[in-house]
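Input: a single structure, listed below in structure tokens.
No value in this document is a laboratory result; all are computed from the given coordinates. The structure displayed is predicted, hence computed values, not measured ones. Cβ coordinates were reconstructed from backbone atoms using ideal geometry, including for glycine residues, and neighbour counts include every protein chain displayed.
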Amino acid sequence: MTHPLNVTVLGGGSFGTAIAKVLSEGQQHITLWMRDEEQARYIRE
């Protein structure tokens, strides 16, 4: 049986966000670290 991985992506630019999205579609637990609080709030919503 395979367990979901905990993955952290550092950087919320276009590439980091795309990687986080692709990984999240595979049922992984993703933490996306971003420098810009406003951008992080937008993505959370």
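Some points to look at:
- Given +1 at the Cβ of Lys and Arg, -1 at the Cβ of Asp and Glu and no other charges, the dipole of the chain around its Cα centre is 80 debye to the nearest 20.
- DSSP-assigned coil residues among trypsin sites (Lys or Arg not before Pro) in the chain, each with at most 15 further Cβ atoms within 10 Å: ARG35
- Counting only alpha carbon atoms, the long axis of helix 14-25 and the longest principal axis of the chain meet at about 30°.
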